[in-house]
């Protein structure tokens, strides 16, 4: 859906609530629409209201937890997920979401257990393999991560996060042509994703396509100027071009964003 469609939906939920201000579903659904257009505070207010009306509206707790995650309020997100342990005990997607919060809270063992539970409940949940793979990736367990990303892609060939991270690992393995193939597949799904653009830029640097690489890395920085890896890669570009001064400037920028 496009932003206008979400705004239209919000308008109709507004009208619904004028007719029935105690209808918890309308608050929950309007909250989801606000979340889709990144109005997280408005979304949270609506989820709060839905829960105030119906204390056992478990879906609203789940949606509020996701909004709190986006707000990076991980402790309160975890509190909501804990409330869902019994009503959502058979939901594979619930365990993925709870695991994602545990990762942010530094509970690696708990996150691993939740990803495993998610996969046990639904062996075809591509997102579970992807997110568990990223946990391995962050811990530099690249073989395990690679296996997970490949499994995720076999279940959902459009799993862009898995495609991009598999490309990153293949780049580390110096399988540059194969890495380029996978990052292009990721960008087919999300053409303006700055991390994917930067990753492709690094692969192109390693393939010796310096001009194309620089263009993509600089575009990545325009989209997200807080990504230290992009400045690191721009520094590598200037290093390869023999401009050590600009290389140093970008390496220092990267270090400052660590």
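Structure values in brief
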quantity: Rotationally averaged projected area of region 91-222 (alpha carbon convex hull; nm²); calculated: 7.8
quantity: Computed FRET value (nearest 0.05) for residue 7 with residue 189, which takes r as the C-beta separation and R₀ as 22 Å; calculated: 0.35
quantity: Projected area averaged over orientations for region 157-258, convex hull of C-alpha atoms, nm²; calculated: 5.9
quantity: Between helix 244-256 and the chain: long-axis angle, C-alpha atoms, 0 to 90°, nearest 10; calculated: 20
quantity: Residue 245 versus residue 15: modelled label distance in nm, points set 7 Å from Cα along the beta carbon direction; calculated: 6.4
quantity: Cα centroid separation - region 222-258 against region 101-132, whole Å; calculated: 34
quantity: Cβ-Cβ FRET estimate between residue 218 and residue 72, R0 fixed at 22 Å, reported to 0.05; calculated: 0.20
quantity: Relative packing of 215-221, 88-94, which averages over residues the other C-beta atoms within 10 Å, highest first; calculated: 215-221, 88-94
quantity: Choice from 27, 238, 61 with maximal GNM fluctuation in the chain (Cα, 10 Å cutoff); calculated: 238
quantity: Theoretical gain in end-to-end length, residue 142 to residue 156 [0.36 nm per residue, Cα-Cα removed]; calculated: 3.0 nm
quantity: Fully extended contour minus Cα-Cα distance, from residue 48 to residue 181, at 0.36 nm per residue; calculated: 43.4 nm
quantity: Convex hull volume per residue for region 31-113, taking Cα atoms only, in Å³; calculated: 82
quantity: Ordering of 134-142, 178-186 by burial proxy (mean other Cβ atoms within 10 Å per residue, highest first); calculated: 178-186, 134-142
quantity: Degrees separating the helix 74-83 axis from the principal Cα axis of the chain, which is the longest one; calculated: 40
quantity: Linear extension gain, residue 257 paired with residue 104, 0.36 nm per residue minus alpha-carbon span; calculated: 53.2 nm
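Every number here is computed from the coordinates shown, using simple stated rules; none is lab data. Computed from a predicted structure; not experimentally measured. Note that each Cβ is placed from the backbone with ideal geometry, even for glycine, and that neighbours are counted across all protein chains shown.
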